[in-house]
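This report concerns only the one structure given below.
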C-alpha cells in the first residue's frame, strides 16, 4: 500500500454538511489481528505501460493495551534511478478505541525529506508534534483539536472496522486526520458493493468500493478520483488502489497476506 499512503497524503478535503456526525471516540476491532502482514506492490503507468515501482509491508504487533502498526515502503533498485523512496511509518493505536497514541513518519522520497513524531492526548484533545525536515531540525508544536483524531496509519485500520451496512451508496464516511500539524476532515465516499475484482496472482474477490476525493494541486488534476476496492468480508482487506496523477497514474495491488483474523470468504473459488 505504498501508493495508498503516499496518495492519501494528498486526499484530505473538507467534509460536506450532509455528512453524518461523529458518534464517539471509540470503535471495536473486528477486522484485523496481531501478526497480520500485508505486502503491496506499487505500479506507475507511463504511456500505457505499467511499471513495477516498489513495495510496502504492513505489520501489526500486539501489546497489552495497544497495537503497533509499522509500514516500510521502498522502491525497487531498478526504479531508484527514476525516483528513490525509502519511507517508514509507525502508529501505536489504543486497543479500546482504535485511536492513536503515537505516530512517526520518516520520509525519503527523491530529494524530499520529512520527519514527523506526534504524541496524542485524546482526552484533552491535544497533540504534541515534532515536525521538520530531519529529526535534528524538527520543532515542537502543540496542536489543539476539537474531536477524535487519527494519524495517517490509524485511520486506515479504523476504516476497516466501519460497518458499511449503515451507509447508503453515495454516503460519506466521517473521520479526520492530523497531518503536518493541521486537522483535515476526510471525504471518503462509500460506493457500494462492487462487481467481482481480479487481483493478480491472488484470485477473484467480491469487493466493496470507496472513493476518496483528491485535492487539486501538484499531483492531481481537477476531477481526479482515487478508487479503492476492499474485500467484502469481515477482514475488510484493501485489495486494489488506483489513482490518476497529473502525469500518468498509479496503483497498489495486494501481493501477499498472512495472519488474517478471518477467513477470506470474499474470495471466489476457482471452477
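The values are calculated or read from the model by the stated rules, or taken from the named source; none is laboratory data. Quick caveat: nothing in here was measured; it's all calculated off a predicted structure. Methodologically, a virtual Cβ is constructed for each residue, glycine included, from the backbone with ideal geometry; neighbour enumeration extends over all protein chains shown.
Checking the structure you have, find out if any residue of region 139-149 is over 18 Å from residue 126 (Cβ atoms) and either touching a helix residue (DSSP H, G or I) at 6+ places or on another chain (Cβ under 8 Å) or touching a residue at least 12 places away in the same chain (Cβ under 8 Å) (or both).
no
Can you pull out the residues in region 64-77 that are in contact with a strand residue (DSSP E or B) (Cβ under 8 Å, 6 or more places away or on another chain) and under 27 Å from residue 100 (Cα atoms)?
65, 66, 67, 68, 69, 70, 71, 72, 73, 74
For residue 117, indicate whether it is buried (at least 18 other Cβ atoms within 10 Å of the Cβ), part of a strand (DSSP E or B) and touching a residue at least 40 places away in the same chain (Cβ under 8 Å).
Spelling it out, it is not the case that residue 117 is buried (at least 18 other Cβ atoms within 10 Å of the Cβ), part of a strand (DSSP E or B) and touching a residue at least 40 places away in the same chain (Cβ under 8 Å).
State whether one or more residues within region 78-92 are closer than 17 Å to residue 147 by Cβ and in contact with a strand residue (DSSP E or B) (Cβ under 6 Å, 6 or more places away or on another chain).
No, every residue in region 78-92 fails to be closer than 17 Å to residue 147 by Cβ and in contact with a strand residue (DSSP E or B) (Cβ under 6 Å, 6 or more places away or on another chain).
Which of the strands (runs of 3 or more DSSP E) contained wholly in region 164-261 include at least 2 residues that are farther than 19 Å from residue 42 by Cα and at pLDDT below 85?
Counting at least 2 such residues, we get 182-185, 188-199.
If a residue must be within 18 Å of the chain's Cα centre (by Cα) and surrounded by fewer than 18 Cβ atoms within 10 Å (Cβ to Cβ), how many such residues does region 92-101 contain?
Residues meeting the conditions: 1.
To keep it simple, each residue is scored yes or no on (1) under 16 Å from the mean Cα position of the chain (by Cα); (2) exposed (fewer than 14 other Cβ atoms within 10 Å of the Cβ); (3) touching a residue at least 60 places away in the same chain (Cβ under 8 Å); (4) over 30 Å from residue 120 (Cα atoms).
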{"residue": "177", "(1), (2), (3), (4)": "yes, no, yes, no"}
{"residue": "184", "(1), (2), (3), (4)": "yes, no, yes, no"}
{"residue": "188", "(1), (2), (3), (4)": "yes, no, no, no"}
{"residue": "192", "(1), (2), (3), (4)": "no, no, no, yes"}
{"residue": "205", "(1), (2), (3), (4)": "no, no, yes, yes"}
{"residue": "210", "(1), (2), (3), (4)": "yes, no, no, no"}
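Does region 162-170 contain at least one residue that is crowded, with 16+ Cβ neighbours inside 10 Å and under 13 Å from the mean Cα position of the chain (by Cα)?
No, that holds for no residue.
Kindly evaluate residue 152 against the criterion of being part of a helix (DSSP H, G or I) and closer than 29 Å to residue 267 by Cβ.
Criteria not met by residue 152.
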